[in-house]
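As structure tokens, the structure follows; a few thoughts come after it.
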Amino acid sequence: MADLTIEARGLIKRFGKKTALDGLDLAVEPGQVVAVLGPNGAGKTTFVRSVATLLRLDSGELRVAGIDVRREPEAVRRVIGLAGQYASVEPAMTGRENLEMVARLYGQPARTARANATRVLERFGLAGDADRLARTYSGGMRRKLDLGASLVSTPRLLLLDEPTTGLDPRARIELWDAIDGLVEHGTDVLLTTQYLEEAERLAGHIVIIDHGRVVASGPPAQLKRRVGGNVLEVHVRDRADLAKVAASLARPGHAEPQVDEATCVVSVGAGDQAGIGGLIAGLRAIDDAGVELADISVRQPKLEEVFLALTGQESAGQARVRATK
Amino acid sequence: MTTIAATGRRRATLPASTVLIAKRAVLSFLRTPQLVVLGTVQLVGILVTFRYVFGGAFGTSQGLPYVDFAVPGFIAAGVPFTLIGTAVVMAEDLHTGFIDRLRSLPFPSAAVLAGRVLADSVVLTWSLAIATAVGFAIGFRLHGSILQGLAAFGLCLVFGLAFSWVFMTLGLLAGNGQAAQGLAMLIFPLTFGSSAYVPVETMPGWLRAFAENQPITSMADAVRALALGGHAQDFLGHSAAYYVIRSLMWSAGIMIVFFALAVACFRRR
């Protein structure tokens, strides 16, 4: 069996009084793109930085491609690539010079470095601009160059910390296309992102981190099942009925219905069998009250709802429990 | 798979990676016209101003024509000014993740700092050469031998090594370019409260006490003494060797302290 791409056990990292990683456990199988999600300050960047050998863990065991990060950081550096939310390329050097420099720093002889730089430039559609200074590049081109710099070597794991933050939609899609297909070329990807659509678009496996721990990990479809099945959406004709409908569909012990004023839609997770019974009763009550409905539909939960249920909402639920006591 | 095996065993050595890092820093200096042109214009402007605007008022200093007094002081004090940019670049590199990128690569990370020092020496050689040429053009003359003149030039490069570590430390501490620029401005009171531009005898007592016991004064005195050669004793009170040794001790002290600080700041990241 091939080594796990990442194997983390009980990672702890404190910065002063703040605990950034609080016993994080994670096992990532090879051959996939993994997206790490989490609210700001959840420990995403700290985790990526520790995989990239950039900081010393207080305790825990972390292996990348079977190599111990603490004992053999340099061997780890040989199998990883890192690209960040800031394009860390030298603006006063050309695209080609940037790539050749990184290739040489990977220990490649000049001739190999040149060949690899050319290969990357062609692959990312930068060949025509290869000999222009990077400071004349657009934001998207710079980000592609940054991504390409990690690929002049053939890393087993590419770490991308918020790769598309601050890019316009077109540049974002271009970068997604560039990330696609990396796995086929033998490079796994671990990316952090604040955009759930990005995670869903790129990743076959999603890890949700909160308070320095993994709170959920799995393929997107599996995570969606975890938050309680499908979502019922009730579309009312008259905005004034929204509150009444939401109240009818609320059931104790289940997630509260969400009201969207703009679209006149109340959405609520179906939940378990008892929950579904409650919903049917609720719908009957709505019908008895004579509320006019425009539409009713059932859909899969969005990743956003999974994310809120597993992170933000959890603490809101605890607050409610405290308030009723 | 063969490429992985082939590149897997290789490793960029410390000297090779130092040169690569330095090359990037020098290119980024040379290809930023604002730095090269403005830096040079500024240098020439200040030298000319001191020589012709203030020079007339001073007449002679310590019995020397003001141009012979001020040019060596100006060149010595110009060393830290030339290297202020190092603090800014270092802070920006940290801020933009450039240093993270470098540290995630499999080469000795000491090269990140060593490369910076090497690049600083190259840039400093360039700007010292210009300052010296302008100095001669406005009437400065060596009173000692050519060899002593070259020794003065070399001494300035040694000061540069020391200040390189100072500004790298400030850059690593600052966190962003603007803060680094602000911190680096601390060099102003140090250069103006020294013997670089005017004799310390003209200063009020408290300032004179400070000026006589700080590194820029000892560096300016050393360069001035070498420019005077055998006449140093007559004008300055001690032989050139005395001033040179004093300035080398300051340089060594600064280098040791700030080397340790810079490495500690770098590792902490």
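The values are calculated or read from the model by the stated rules, or taken from the named source; none is laboratory data. Values in this document were obtained by computation on a predicted structure and should not be read as measured data. Backbone-built Cβ (ideal geometry, glycine too); neighbour counts: all protein chains shown.
The residues of segment A:65-86 that are touching a Lys or Arg at 6+ places or on another chain (Cβ under 8 Å) and more than 8 Å from every other protein chain (Cβ to nearest Cβ), listed by number, are A:ALA65, A:VAL69, A:ARG70, A:VAL79. In summary, A:LEU279 fulfils each of the numbered conditions (1) more than 30 Å from A:ALA42 (Cβ to Cβ); (2) not small (Gly, Ala, Ser); (3) not in a helix (DSSP H, G or I) with the single exception of condition (3). Annotation: of all residues in segment B:71-116 being assigned to a helix (DSSP H, G or I) and among the aromatic types (Phe, Trp, Tyr), the one that is farthest from the other protein chains (Cβ to nearest Cβ) is B:PHE74.
Residues in segment B:15-25 that are hydrophobic (A, V, I, L, M, F, W, C) and either at positive phi or within 10 Å of chain A (Cβ to nearest Cβ) (or both): B:ALA16, B:VAL19, B:LEU20, B:ILE21, B:ALA25.
Working only within segment A:87-118, note down all residues that are among the polar types (S, T, N, Q), within 7 Å of another protein chain (Cβ to nearest Cβ) and under 20 Å from A:ASP131 (Cα atoms). The answer is A:SER88, and nothing else. Applying the set (1) in a helix (DSSP H, G or I); (2) of a type outside the set (A, V, I, L, M, F, W, C); (3) under 21 Å from A:ALA75 (Cβ atoms) to A:ARG119 leaves exactly one unmet item: (3). The set of residues in segment A:22-48 that are closer than 22 Å to A:VAL306 by Cα, touching an Asp or Glu at 6+ places or on another chain (Cβ under 8 Å) and of a type in the set (A, V, I, L, M) comprises A:LEU26, A:ALA27, A:VAL28, A:VAL33, A:VAL34, A:ALA35, A:ALA42. For segment B:26-40, taking the residues that are facing chain A (nearest Cβ under 9 Å) and assigned to a helix (DSSP H, G or I), the one that is nearest to the chain's Cα centre (by Cα) is identified as B:PHE29.
Regarding segment B:70-88, can at least one residue be identified that is crowded, with 22+ Cβ neighbours inside 10 Å, in contact with a strand residue (DSSP E or B) (Cβ under 9 Å, 6 or more places away or on another chain) and not polar (S, T, N, Q)? Checked segment B:70-88: at least one residue is crowded, with 22+ Cβ neighbours inside 10 Å, in contact with a strand residue (DSSP E or B) (Cβ under 9 Å, 6 or more places away or on another chain) and not polar (S, T, N, Q). Do we find that A:ALA149 is within 12 Å of another protein chain (Cβ to nearest Cβ), more than 22 Å from A:LEU223 (Cβ to Cβ) and touching a helix residue (DSSP H, G or I) at 6+ places or on another chain (Cβ under 7 Å) in this structure? In short, yes.
Among the criteria (1) more than 16 Å from the chain's Cα centre (by Cα); (2) over 20 Å from B:SER61 (Cα atoms); (3) charged (D, E, K, R), the one B:ARG208 does not fulfil is (2). Of all residues in segment A:230-241, those that are surrounded by fewer than 17 Cβ atoms within 10 Å (Cβ to Cβ) have Cβ atoms under 9 Å from Cβ atoms of residues that are among the small types (Gly, Ala, Ser) and at pLDDT below 90, 6 or more apart or on another chain, in A:ASN230/A:GLY269; A:ASN230/A:ALA270; A:HIS235/A:ALA294; A:HIS235/A:SER297; A:ARG237/A:ALA294.
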